[in-house]
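Beneath this line is the structure, given in structure tokens, with notes to follow.
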Number of protein chains: 2
Amino acid sequence: MDQQRLIEAAWAAADAAAAIVRPFFRTGLRPQDKPDESPVTAADQAAERAIRAALEARFPAIPVLGEEFGGQLPDSGPCWVVDPIDGTRAFLTGRPSFCTLIALLQDGIPVLGLIDQPITSERWLGAEGRPTTYLGALGGRIGGRLDLELAEAELSATSPDQFGGDLAATFARLRGATRRTYFGGDAYCYGLVALGQIDIAVDAGMKPWDWAALVPVVQGAGGAISDFSGRALRAGGDGTVIAAGTRDLHLAALDALRG
Amino acid sequence: MDQQRLIEAAWAAADAAAAIVRPFFRTGLRPQDKPDESPVTAADQAAERAIRAALEARFPAIPVLGEEFGGQLPDSGPCWVVDPIDGTRAFLTGRPSFCTLIALLQDGIPVLGLIDQPITSERWLGAEGRPTTYLGALGGRIGGRLDLELAEAELSATSPDQFGGDLAATFARLRGATRRTYFGGDAYCYGLVALGQIDIAVDAGMKPWDWAALVPVVQGAGGAISDFSGRALRAGGDGTVIAAGTRDLHLAALDALRG
């Protein structure tokens, strides 16, 4: 498939989602709670419909897997994987750090990823074989901090609550080995990893629509991303995610996780 | 003293700080670590100098207490209390949620407070006897959500790490009584309380420059703010802070803290 046409489709889908989401921001929209207690709003659902329409208009044969309306990830071939509002809690509380995520998986491997923040108008695009690009007026340049010791690294996680059971000790080991931890931020933090602002981001309980778009963005910025065991992220994995701004720092962080 | 002239001074000081801070954002500026391990950068120091210059030019007789260069809080009379970059960790990791805080205390009581986010260009101003104003292009209106049950409230805290010792159980009680918790955000969260986006914000270990500006902003929006025992915030207090978008919700949250 033509990579440029795929990028244009993702771009158009993100534009369509942003046009839906922006007017809802800070309007007092209230969520319904899903069976897993995560919140969902009318904005999530309308935005996913707009994303699906934009993608299907351009690539009617490519299936779409989305957080709100589901779908099947095929064993092989291409599949769009989308999350209209990653960080619904941030969205609901007026924080401009939620994101729209649009990814293309090919045979289960993310080959295109777009992270969009529609309120600050920031957009990251990663695509196989190309350097990641950042479009936005808030500043920053693509690329992780080089030659950084793990002990100097800035660590980020959406919430400590994700790391229950055995993961609590694993997360504590990584925290102990790094300089500082800051909580909050969802997918936006992985955009900041690509900008060399956050050095390491970790999360758990991640679904394909949570991590698929992050992979090309981080990799195309010279960074690395995997599960906590160092394996490539895949559907049916354990839901852990660790990304770092450089491959060396990623390896050092994996060592710290293992203890 | 003329309230309007004081407001103009705070406004000019925030403008001066923003002009200093903006060019440093996402430039890879590295911190020195202070004795308490909190980070400080050249931007913090230059911004506090600019704030002091702006305030002292207009009110040479009013002392200034600031996070970076100290000062004495007098027992009576007026005193500016300022934090050039609240949320230095957010600033260092490229998150547009750090804030510049400028407050005026009169006989130890905050009577004017300004919260500024220089990257998103959002500014909250609270002043005794006036409704809080919000200036910014990200949306939102001043005022907490009315008639909200505590069980439906969105809770926010900068980090769970603040709540050690006895506070861990206290914080856990409040979390258990509210709908959801989101971490991160520093003073910006109190601006979101004034907009009715976050319902309750809590922090601990807060110094006067961390909380002074928040008090008039939250109160002027119809909300309430105190320490965890319900006492007015004051220098030499225990450093705990709880704010809510309405006075009723604040009382309900205090009850939950007490257990």
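The values are calculated or read from the model by the stated rules, or taken from the named source; none is laboratory data. All values derive from a computational prediction rather than experimental measurement. Don't worry about glycine lacking a Cβ; one is built from the backbone with ideal geometry, like all the others, and counts go over all protein chains shown. Accessible surface areas use protein heavy atoms only, side chains included; no ligands, DNA or RNA. Shrake-Rupley method; radii C 1.70, N 1.55, O 1.52, S 1.80 Å.
Could you report the buried accessible area between A and B, both sides summed, computed with a 1.4 Å probe and given in Å² to the nearest 100? Present the calculation step by step, with values, prior to reporting the outcome.
On the way: alone 11400 and 11410 Å², together 19260 Å².
Counting protein atoms only, the buried area is about 3600 Å².
If Lys and Arg each add +1 and Asp and Glu each add -1, what is the summed charge of the other residues whose beta carbon sits under 15 Å from the beta carbon of B:LEU135? If you can, show how the numbers build up before the last one.
Values: positive: A:ARG26, B:ARG123, B:ARG130, B:ARG141; negative: B:GLU8, B:ASP15, B:ASP116, B:GLU122.
Combined, the nearby Lys, Arg, Asp and Glu give 0.
Quick one: dipole size for the protein assembly as shown, taken about the Cα centre, charges +1 on Lys/Arg Cβ and -1 on Asp/Glu Cβ, in debye to the nearest 20.
Details: 46 positive and 64 negative charges, 128 e Å.
Charge dipole, the protein assembly as shown, about its Cα centre: 620 debye, nearest 20.
Could you state how much accessible area B:TRP209 has, in square angstrom rounded to the nearest 10, with a 1.4 Å probe and all protein chains kept in place?
Surface open to solvent at B:TRP209 totals about 50 Å².
Suppose R0 equals 56 Å; then what is the FRET efficiency for A:ALA57 and B:ALA235 from their Cβ-Cβ distance, rounded to the nearest 0.05?
0.35
In Å and whole numbers, how far do the C-alpha atoms of the range B:180-224 stretch along each principal axis, longest first?
Projected onto its principal axes, the Cα set of the range B:180-224 covers 27, 24, 14 Å.
Divide the volume of the convex hull of the Cα atoms of chain A by its number of residues and quote the answer in cubic angstrom per residue. Please report the intermediate quantities before stating the final value.
Values: hull volume 29.7 nm³, N = 259.
Taking the convex hull of the Cα positions in chain A, it is 115 Å³ per residue.
Select from the range B:194-215 all residues whose loss of accessible area on going from the chain by itself to the full protein assembly reaches 50 Å² or more (probe 1.4 Å).
In the range B:194-215, residues shielded by partner chains: B:GLN197.
Restricting to Cα pairs below 8 Å that are 6+ residues apart, what does the relative contact order work out to for the range B:88-161? Please round to a whole percent.
Once normalised by length, the contact order is 16 percent.
Express the Stokes-Einstein translational diffusion coefficient of the protein assembly as shown in µm² s⁻¹, to the nearest whole number, given a Kirkwood radius over alpha-carbon pairs, 20 °C and a viscosity of 1.002 mPa s. If you can, show how the numbers build up before the last one.
On the way: Rh = 23.3 Å.
Stokes-Einstein gives a translational diffusion coefficient of 92 µm²/s.
Given N residues in the range A:1-142, what is its alpha carbon radius of gyration divided by 2.2 N^0.38 Å?
Values: Rg = 14.8 Å, N = 142, 2.2 N^0.38 = 14.5 Å.
Compared with the compact-globule rule of thumb, the range A:1-142 sits at 1.03.
If exposed means no more than 14 neighbouring beta carbons inside 10 Å and the site is in a DSSP loop, what's the longest run of chain B without any exposed GluC sites (Glu not before Pro)?
Working: sites that count: B:GLU37, B:GLU149.
In chain B, the maximal stretch lacking such sites is B:38-148.
When chain A is turned about an axis onto chain B, which of its residues keeps its C-beta closest to that axis, and how many Å is it?
Taking Cβ atoms only, the nearest residue and its distance are A:GLY184, 1.
Starting at 0 and stepping by 10 Å, how many percent of the alpha carbon pairs of the range A:148-249 end up in each bin?
Per 10 Å bin, starting at zero, the Cα-Cα P(r) for the range A:148-249 comes out as 17, 55, 28, 1 percent.
Out of A:PRO118, A:PRO160, A:PRO216, any idea which swings most in a Gaussian network model of chain A, alpha carbons joined below 10 Å?
Evaluated over chain A, the most mobile residue of the options is A:PRO160.
If every alpha-carbon in the range B:104-190 counts as one equal scatterer, what log10 I(q)/I(0) does Debye give at q = 0.21 1/Å?
Per q value, in the given order, log10 I(q)/I(0) is -1.15.
So with the 1.4 Å probe, I'd like the accessible area per residue for the protein assembly as shown, rounded to whole Å².
Numbers: 19260 Å² over 518 residues.
Result: 37 Å² per residue.
Using θ = phi - 60° and the Karplus relation 6.51 cos²θ - 1.76 cosθ + 1.60, list the HN-Hα couplings for the range A:85-95 in order, rounded to whole Hz, with x at every Gly or Pro.
9, 7, x, 4, 5, 5, 4, 5, 9, x, 8
When only Cα pairs under 8 Å and 6 or more residues apart are kept, what is the percent relative contact order across chain B?
Numbers: 577 pairs, mean separation 42.2, N = 259.
16 percent.
Within the range B:162-259, list the trypsin sites (Lys or Arg not before Pro) lying in a DSSP loop whose Cβ has at most 13 other Cβ atoms in a 10 Å radius.
Numbers: sites: B:ARG173, B:ARG175, B:ARG179, B:ARG180, B:ARG231, B:ARG234, B:ARG247, B:ARG258; in loops: B:ARG179, B:ARG231, B:ARG234.
Answer by residue number: B:ARG231.
What is the dipole size for the range B:30-175, taken about its Cα centre, with +1 at each Lys and Arg Cβ and -1 at each Asp and Glu Cβ, in debye to the nearest 20?
Result for the range B:30-175 is approximately 440 debye, rounded to the nearest 20.
Mind listing the label-point distances from A:ALA168 to the same position on all other copies, shortest first, one decimal in nm, points 7 Å along Cα→Cβ?
For A:ALA168, the other copies' label points sit at 0.9 nm, shortest first.
If we hang a label 7 Å off Cα along the beta carbon direction at B:ASP255, how far is it from the matching labels on the other copies, in nm, shortest first?
Those separations, rounded to one decimal, come out as 5.5 nm.
In the range B:13-108, which chymotrypsin sites (Phe, Trp or Tyr not before Pro) fall in coil by DSSP and have 15 or fewer other Cβ atoms within 10 Å? Please list the in-between numbers first.
Values: sites: B:PHE24, B:PHE25, B:PHE69, B:TRP80, B:PHE91, B:PHE98; in loops: B:PHE25, B:PHE69, B:PHE98.
The qualifying sites are B:PHE69.
A:SER159 accessible area, nearest 10 Å², 1.4 Å probe?
A:SER159 exposes around 20 Å² with every protein chain in place.
What is the percent carbon and sulfur in the accessible area of the protein assembly as shown, measuring with a 1.4 Å probe over the protein chains and ignoring ligands? Intermediate results must be reported in sequence, preceding the final value.
Numbers: 9840 of 19260 Å².
Within the protein assembly as shown, the accessible surface is 51 percent carbon and sulfur.
Lys and Arg at +1, Asp and Glu at -1: add these up for the other residues within a Cβ distance under 15 Å of B:ALA221 and post the number.
Numbers: positive: A:ARG26, B:ARG123, B:ARG130, B:ARG141, B:ARG145, B:ARG247; negative: B:GLU122, B:GLU128, B:ASP199, B:ASP248.
With Lys, Arg at +1 and Asp, Glu at -1, the net is +2.
Could you point to the residue in A:LEU257, B:ALA14, A:GLY222 farthest towards the positive end of the protein assembly as shown's charge dipole, with +1 and -1 charges on the Cβ of Lys/Arg and Asp/Glu respectively?
Sorting the options by dipole projection puts first B:ALA14.
Translational D (Stokes-Einstein, µm²/s) of the range A:50-119 at 10 °C and 1.306 mPa s when Rh comes from the Kirkwood sum over C-alpha pairs?
On the way: Rh = 12.7 Å.
So the translational diffusion coefficient is about 125 µm²/s.
What's the magnitude of the charge dipole for chain A around its Cα centre, counting Lys and Arg as +1 and Asp and Glu as -1 at the beta-carbon? Answer in Debye, nearest 20.
Working: 23 positive and 32 negative charges, 97 e Å.
Using only the charged Cβ atoms, the result is roughly 460 debye.
With springs only between Cα atoms under 10 Å apart, run a GNM on chain A and tell me which of A:GLY165, A:GLY185, A:GLY108 wobbles the most.
So, out of A:GLY165, A:GLY185, A:GLY108, the one fluctuating most is A:GLY165.
Taking beta carbons within 10 Å but only from partner chains, what does the mean come to for residues B:86-98? If you can, show how the numbers build up before the last one.
Values: counts 0, 1, 0, 7, 3, 1, 6, 14, 13, 13, 9, 6, 0.
The shielding value for this peptide is 6.
Along Cα-to-Cβ, 7 Å out, sits the label point; list in nm, shortest first, how far the one on B:GLU152 is from those in the other copies.
Here B:GLU152 shows inter-copy label distances of 5.0 nm.
Could you check what % of the DSSP bridge pairs in chain B are antiparallel, to the nearest 5?
About 75 percent, rounded to the nearest 5.
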